[in-house]
Amino acid sequence: MAESKVATAMAHGSATEAAEKLVATCRAELQGCEPALVMVFASTTQPLSELAPLVAASFPRSTVLGASTAGEFTEAGDAKHSAVMFALCGDYRIFAGMGTGLKASAEGAVAEALEGMPAQVVGFPHRTAILLLDPLSGSSEEATLTTAALMGFDLRLAGGAAGDDLALKCTHVSLGNRVIADGVVVANVFSKQPLGVGVCHGHEPHSAPLTVTRAEGGVVHEIDGRPAWEVWVEHTRDATSKLGFDPATLPESEVGGFFLRFEAGLSQGDAYKIRAPLFRTGPHSIAFACGIPEGSVIRITESEPARQIDSAKEAARRARAQVGDLPLAGAVVFDCICRNLILKDDFKTAIAGIHEELGNVPLAGFETYGEIALDAGDLSGFHNTTTVVLAFPK
Amino acid sequence: MPEPSISRGEVIKLLSQALGHEKATDVVAQAAFRLGIRREILDKSQALSVLEQIAQTPGLVGITARFAKSRLHLR
């Protein structure tokens, strides 16, 4: 069995400059080995529509996936306005597809992406799916559950929701040289050893329970019978005044950052599932990354910086544990943008913590508008405020 | 062999990861009421009927119920 090898790279500049540097750096690290999987995560400075075709042309025999981002990082550190690459060589069989029209039909988009994909490959007993999607469709949990349902219940699923540097206007995913908004990309990775998927968040409820009283799909119009935006501002006022700003007077360009710091928590009994509000629609309503049914009871959540660092390390430990005693080759990390907003300069400490927990192997990832992690037996796979680590054994 | 039983609480748990505990409790109560199921302990076919009823709902609630139903089938 061939040993797996991972190369990572980060680059700045135009899409052309970034593509050249990413490809050259990873090629040099891989020393002639042709990657089975390449992932590129790019800021809006290197539009994915320009970057992905250049990378795909450089790796014609590889499966090349991509997503636009709200921040990028490798084991060497994090940046904005950059692009990163993760390249994996080894004994894998990878099949990928793309589906469009996610907003209109999550089931239709996922079915399109999975069309013709094999359920098994002889000699490769483990399979893990990577899901990248456009969260602005408002159907992220719907797409995640549908992917798991259609692919079978033994599936381990990991992935992320694309970003756009907090503009919250348009996010993209790519497969090969095709780049789309309002869509999903699914890659089915067949392997000889299990891959590890770990997830953890560090948020806690901050408000009293609030009931969603009027909603359509992923748009919440009223909470406790009042305009949703008004309620969000009111229930975060104490916390935001300590942080030195008033959400009611925020310019539209900063509202996304505010939402991603104060997200909604759904009680699961002993824990909270976090749901991300993304942007305002009209003066009173709030759009989320997935459906928020009327009657849902939410609590506005927030987190202390120290908990964000601990939860990142815990996600890495969980991914590591799933791989067992095998040494790791590297990892892809899908990390909520909220964690960067909370940690600011200490975000690099969180990355260093993940890196250390994984045994100092190469890693690359991006800051997302949502994370995907679902293991056999789980009943929900779309998360917010989390770190998701997808670890590849050597 | 008697059909395995499942509590209403377990059916709620199947949905609460994606919908939250309160919404899951509400949709299970409504579906059970519509089906005339008053008992706290359900047999597997009743639990599947409850999920099937919820699965008719559009959007995330229906998708979650269809997913939970598939999981319950595997038990």
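The values are calculated or read from the model by the stated rules, or taken from the named source; none is laboratory data. Note that this is a predicted model, so its numbers are computed, not measured. Neighbour counts are summed over all protein chains in view; Cβ atoms, including those assigned to glycine, are modelled from backbone coordinates with ideal geometry.
Some points to look at:
- Inter-residue pairs, beta-carbon under 6 Å, first within 19 Å of A:Ser4 (Cα to Cα) and in region A:17-31, second basic (Lys, Arg) and assigned to a helix (DSSP H, G or I), 6+ apart: none
- Total residues in region A:280-296 satisfying the condition of being crowded, with 18+ Cβ neighbours inside 10 Å and over 17 Å from the mean Cα position of the chain (by Cα): the figure is 9.
- One residue alone among A:Ala119, A:Ala149, A:Ala111 is at pLDDT below 95, surrounded by fewer than 24 Cβ atoms within 10 Å (Cβ to Cβ) and within 14 Å of chain B (Cβ to nearest Cβ), and that residue is A:Ala149.
- In region A:213-236, the residue that is surrounded by the most Cβ atoms within 10 Å (Cβ to Cβ) out of those that are farther than 14 Å from A:Val255 by Cα and among the charged types (D, E, K, R) is A:Glu222.
- Test result for A:Arg261, touching a residue at least 60 places away in the same chain (Cβ under 8 Å), over 21 Å from A:Glu222 (Cβ atoms) and under 18 Å from the mean Cα position of the chain (by Cα): yes
- Considering region A:367-389, the residues that are closer than 10 Å to A:Gly159 by Cα and not in a strand (DSSP E or B) include one that is nearest to the other protein chains (Cβ to nearest Cβ), namely A:Gly381.
- Index of the failed condition, A:Lys169 passing every other in (1) without any contact (Cβ under 8 Å) to a residue 60 or more places away in the chain; (2) within 20 Å of B:Thr64 (Cα to Cα); (3) among the basic types (Lys, Arg): (2)
- Members of region A:288-324 found to be within 14 Å of chain B (Cβ to nearest Cβ) and not in a loop (DSSP other than H, G, I, E, B), listed by number: A:Phe288, A:Val297, A:Ile298, A:Arg299, A:Ile300, A:Thr301
- Those strands (runs of 3 or more DSSP E) lying entirely in region A:153-244 with at least 1 residues within 26 Å of the chain's Cα centre (by Cα), at pLDDT 95 or above and farther than 21 Å from A:Ser140 by Cα: A:183-191, A:196-201
- Test: residue in region A:331-352 that is part of a loop (DSSP other than H, G, I, E, B), away from chain B (no Cβ under 14 Å) and basic (Lys, Arg): no
- Test: residue in region A:94-105 that is in a loop (DSSP other than H, G, I, E, B) and on the phi > 0 side of the Ramachandran plot: yes
- Residues satisfying the stated conditions in region A:112-145, i.e. among the β-branched types (Val, Ile, Thr) and either part of a loop (DSSP other than H, G, I, E, B) or in contact with a Ser or Thr (Cβ under 9 Å, 6 or more places away or on another chain) (or both): A:Val122, A:Thr128, A:Thr144
- Scanning region A:187-206 for residues that are under 24 Å from A:Pro293 (Cα atoms) and within 14 Å of another protein chain (Cβ to nearest Cβ) yields A:His201, A:Pro205.
- Selection status of A:Cys33, buried (at least 17 other Cβ atoms within 10 Å of the Cβ), in contact with a Cys (Cβ under 8 Å, 6 or more places away or on another chain) and not in a strand (DSSP E or B): yes
- Hey, B:Ala32 buried (at least 19 other Cβ atoms within 10 Å of the Cβ), within 14 Å of chain A (Cβ to nearest Cβ) and within 29 Å of A:Leu210 (Cβ to Cβ) or not: no
- All positions within region B:43-75 that are of a type in the set (Gly, Ala, Ser), free of Cβ contacts under 8 Å to residues at least 40 places away in the same chain and within 10 Å of chain A (Cβ to nearest Cβ): B:Gly59, B:Gly62, B:Ser70
- Scanning region A:11-30 for residues that are of a type outside the set (Gly, Ala, Ser) and part of a loop (DSSP other than H, G, I, E, B) yields a count of 1.
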